[in-house]
Amino acid sequence: MAKKKGVHAPPSIAEMQQRLAQIEVDREKLEAALAERRRADLMEFAESVREQIAERGYRMDEVIALIQKGRRASSPRRGQRKPHFVDPDNPAHTYSKGPLPAWLREKMQAAGYDAADKAQREAFKSTFLKQVA
């Protein structure tokens, strides 16, 4: 029987198996590339989150405690926290831990300190604030 012009013969079983094997190899390479890209993207995202946490003056453990399943922020049932630091110029301004209040940020900035830098925050607290029990 003669072949008709423009009609292709179907691939043989061996050709189909070879093509299927190549597709499997390509799929494995693509999955590995995807996994690598996801790892890189996750690392970029984590760094971005770290920077945002630092810029806002929070601590990583505070943020993690809020987003972990089954963990809750401090319960009001535990009572009020006692302040650890008091502004000597205004005793109504207190700070214990967590995000820096606006008054503290402003006072740090006025004294030439960077609120995003932990070492500078600690230096400022020990120099300009009164520590209480």
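Numbers for the structure displayed
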{"item": "Qualifying position, being of a type outside the set (Ser, Thr, Tyr), modelled with pLDDT under 90 and within 26 Å of the chain's Cα centre (by Cα), among Ala65, Ala92, Ala133, Ala46", "result": "Ala65"}
{"item": "Pair list, Cβ under 6 Å, 6 or more apart: the range 106-117 residue modelled with pLDDT of 90 or more, other residue surrounded by 12 or more Cβ atoms within 10 Å (Cβ to Cβ) and part of a loop (DSSP other than H, G, I, E, B)", "result": "Met108/Ala115"}
{"item": "Of the criteria (1) assigned to a loop (DSSP other than H, G, I, E, B); (2) surrounded by 13 or more Cβ atoms within 10 Å (Cβ to Cβ); (3) at pLDDT 90 or above, which one Pro99 fails", "result": "(3)"}
{"item": "Hey, Phe85 buried (at least 17 other Cβ atoms within 10 Å of the Cβ) and under 27 Å from the mean Cα position of the chain (by Cα) or not", "result": "no"}
{"item": "Pairs where the first residue, in the range 118-131, is polar (S, T, N, Q) and the second is part of a helix (DSSP H, G or I) and at pLDDT 85 or above, C-beta under 9 Å, 6+ apart", "result": "Gln120/Met108; Gln131/Lys125"}
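Listed here are the residues, each with its yes/no results for (1) assigned to a helix (DSSP H, G or I); (2) within 27 Å of Gln120 (Cβ to Cβ); (3) modelled with pLDDT of 90 or more.
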{"position": "Gly6", "(1), (2), (3)": "no, no, no"}
{"position": "Val25", "(1), (2), (3)": "yes, no, yes"}
{"position": "Lys29", "(1), (2), (3)": "yes, no, yes"}
{"position": "Arg72", "(1), (2), (3)": "no, no, no"}
{"position": "Val86", "(1), (2), (3)": "no, yes, no"}
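The values are calculated or read from the model by the stated rules, or taken from the named source; none is laboratory data. Quick caveat, the model's predicted, so the values are computed rather than measured. No Cβ is skipped: glycine too gets one built from the backbone with ideal geometry, and neighbour counts run over all protein chains shown.
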